[in-house]
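Heads up, the thing below is written out as structure tokens.
Where a number appears in this text, it was derived from the coordinates with a stated rule and is not lab data. Keep in mind the model is a prediction, meaning the values are calculated, not measured. FYI the Cβ positions are ideal-geometry reconstructions off the backbone, even for glycines, and counts take in every protein chain you see.
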2 protein chains.
Amino acid sequence: MLSIEWTASSGWLAPRITPYQNLSLDPATCVFHYAFECFEGMKAYKNSAGDVRLFRPDKNMARFNKSSARIALPNFAPQSLIELISKFSAMEERFIPAARGYSLYLRPTMIGTQRTLGVGPPGSALLFVIASPVGPYYPTGFKAVSLEATDYAVRAWPGGVGDMKLGANYAPCIIPQLQAAKRGYHQNLWLFGDEEYVTEVGTMNFFAAVRDKDTGKKVLMTAPLDGTILEGVIRDSVLDLARERLVPEGWEVQERKFTMPELAAAADDGRLIEAFGTGTAAVVSPVRRIAWRGRTVECGLAEEQEVGEITKRMKDWIEGIQYGDEEHVWSLKV
Amino acid sequence: MLSIEWTASSGWLAPRITPYQNLSLDPATCVFHYAFECFEGMKAYKNSAGDVRLFRPDKNMARFNKSSARIALPNFAPQSLIELISKFSAMEERFIPAARGYSLYLRPTMIGTQRTLGVGPPGSALLFVIASPVGPYYPTGFKAVSLEATDYAVRAWPGGVGDMKLGANYAPCIIPQLQAAKRGYHQNLWLFGDEEYVTEVGTMNFFAAVRDKDTGKKVLMTAPLDGTILEGVIRDSVLDLARERLVPEGWEVQERKFTMPELAAAADDGRLIEAFGTGTAAVVSPVRRIAWRGRTVECGLAEEQEVGEITKRMKDWIEGIQYGDEEHVWSLKV
């Protein structure tokens, strides 16, 4: 594990890479009481040539610093942390299987370590990075997920911290997730407000491909970054690739608010082409259906079909870049 | 410290009281990543007769269980935990000064301890209680605080978890608090929505005593428990005491939404009698003024005055019960 301690008086101390080990913390440490904690999720990929690569680590570093600043934890120079994580990934290279779908999951984490029950800015912190080899999210190929729309609990709010990768955003999401699971759904879909805006899926961003009611044009749409949406790296990559590669094919790309009734109407009219979630774990996750207000909104997949065309192409494009099959500025060779 | 471990398979293990010691936790423990943590704040009081007392511990236990359940952590039998905390307080009795204003601050805390980066319900948890002697919040007598109204950040929202004592509610509050401090204010005052509803102060509930515009009646008011307000034990006690002891004097007690413009209008008309925060730390904390939209709302105190009449009476009533000067069902003799 990679560890870097910080104190308000001395700043960041020397980074250390040590064997994986427990943290020994006073029970009054502020991370246990006031959730001074933020993290990132990223992966190191190895291709058949043995190259180790990171995917858009600059995006993770920018978000990590944004998260930490929001909870009065320190920032770390992005380029330096990328170099440290690169070094760490290279050292752990034997744990990265050289096979498509496999990678080393990396978890940069920052916690407040001050021993105090007073609610104030932490005077000390620990940044650590731990890692674990992970296999394909869907070992037997894509499995489309079923979602349950959640309207009784609200994940994020304008002026809140829902766009940050803070620990604080996660624990309160478990009960709605368990409720959805109890009724047979894989994840929940967070709606917002009386308008029932579609925001995001459990721990993924959400995309829908629809045919526009008026123009008949194909539209790929996702909720805008209005402070309630996690600023996903895959979300951003899907938008960029769609603008670059789908727009020339006649698609429109829209970052805009859209509602569950709007999505349901598109499904009813046969205009909902497909839907998917995006995130570091699965890259893209096709959505089969959404349970909402006692009805089921089918998301465009045929019964025997587990993934839509756009979802599949996005996965292939992004993985192609992640593993270095396609040379791209997003892929950093370690 | 008092420690009780829980596992999903075995339930709660035997409680242990041990010397204060560090917790040794795997860096993948879910409390560090997803804020599986909640706590309570309570105090043990000792009077000149040497009696040790807890104040309404049943309220803390009920809230603790409500908090833990909301983040998929286990519940603990309230009466058993009160007995354990009583025993613990009795053992630590030598750390409780037998003087008014002094007490032993008790911090029951529950954290998720499962080692996993998967976002799911923790399969293990640790409940611990630590303690620290504390002195009077205002050693030299009351000091009225100045508040800055916060409208650019939102602490809590309907359908969220702002009514729970989760760690998740605290880290995001520090920056607005520091912003207020930078401009010379002691705490911030959380407003909500376009209407600018007055919700709560930094880490306290908020009360205002006003004279009604129409009836001329004296009204003690605080925001209602609509899911965005922390369900403070002192808040509840002030309301109960006001209904019992102020209503016969002609006061009205209102739990209702009120706005910052409404409060400012009352101040402008000379109808704002006094305002105060409530919480376990200070019991009541008089408010001198509120900075809001570039103006100052004076809260009824004369320049040389540090506390209003109702604020002072509430403190005396509640402390009288806490220290056992007045025998009351709220005070549990250990």
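Over the protein assembly as shown, the ratio between the Cα radius of gyration and 2.2 N^0.38 Å evaluates to 1.03.
Take every Cα pair under 8 Å whose residues are at least 6 apart in sequence, average their separation, divide by the length of region B:67-160, and the relative contact order is 26 percent. So for A:T109, B:T113, fewest C-beta neighbours within 10 Å to most, what's the order? Ascending number of Cβ neighbours within 10 Å: B:T113, A:T109.
Taken as Cα centroids, region A:204-238 and region A:282-297 sit 15 Å apart, rounded to the nearest whole angstrom.
Among B:H328, A:H186, A:H33, the ranking by other beta carbons within 10 Å of each residue's beta carbon, starting with the fewest, stands as B:H328, A:H186, A:H33. Bridging of B:K87 to lysines at a Cα separation below 30 Å is possible for B:K43, B:K46, B:K59, B:K66, B:K165, B:K315, B:K333, once same-chain residues fewer than 8 apart are set aside.
In terms of its alpha-carbon gyration tensor, region B:33-192 comes out oblate; a/c meets the 1.5 threshold, while b/c is at least as large as a/b. Inter-copy label distances at A:R245, shortest first and taken from points set 7 Å along Cα to Cβ: 7.2 nm. Take the Cβ atoms of B:E303 and B:Q179, set R0 to 25 Å, and the FRET efficiency comes out at 0.40. Across the identical copies, the 7 Å label point of A:R183, projected outward along Cα→Cβ, sits 4.4 nm from its counterparts, in ascending order. Ignoring aspartates and glutamates fewer than eight residues from B:K218 along the same chain, the ones with Cα atoms less than 17 angstrom from its Cα are B:D240, B:E244, B:E249, B:E252, B:E255, B:E262, B:D268, B:D269, B:E274, B:E309.
Counting other Cβ atoms within 10 Å as a rough exposure proxy, the listed residues B:M110, B:M91, A:M42 run B:M91, A:M42, B:M110 from fewest neighbours to most. Does region B:64-159 classify as rounded, prolate or oblate by the C-alpha gyration tensor (a ≥ b ≥ c root eigenvalues; a/c under 1.5 gives rounded; else a/b over b/c gives prolate, otherwise oblate)? The shape class here is oblate. Each Lys or Arg adds one and each Asp or Glu subtracts one; over the other residues with Cβ under 12 Å from the Cβ of B:Y197, this totals -4. So what is the relative contact order of chain B, in percent, for Cα pairs below 8 Å that sit 6 or more residues apart? Reported as a whole number, the value is 18 percent. A label point on A:D212, set 7 Å along the Cα-to-Cβ line, lies at 5.7 nm from each of its counterparts in the other copies, closest listed first. Loop-located trypsin sites (Lys or Arg not before Pro) in region B:197-237 (DSSP state other than H, G, I, E, B) with a sparse environment of at most 16 neighbouring Cβ atoms within 10 Å: B:K213, B:K217.
Checking every one of the trypsin sites (Lys or Arg not before Pro) in region B:36-107 against DSSP loop status and a limit of 16 other Cβ atoms within 10 Å picks out B:R100.
Summary value for region B:25-112: 46 percent relative contact order, contacts being C-alpha pairs under 8 angstrom separated by 6+ residues. Since only B:A28, B:A144, B:H328 are under comparison, the one whose Cα sits farthest along the positive direction of the charge dipole of chain B, derived from C-beta charges on Lys, Arg, Asp and Glu, is B:A28.
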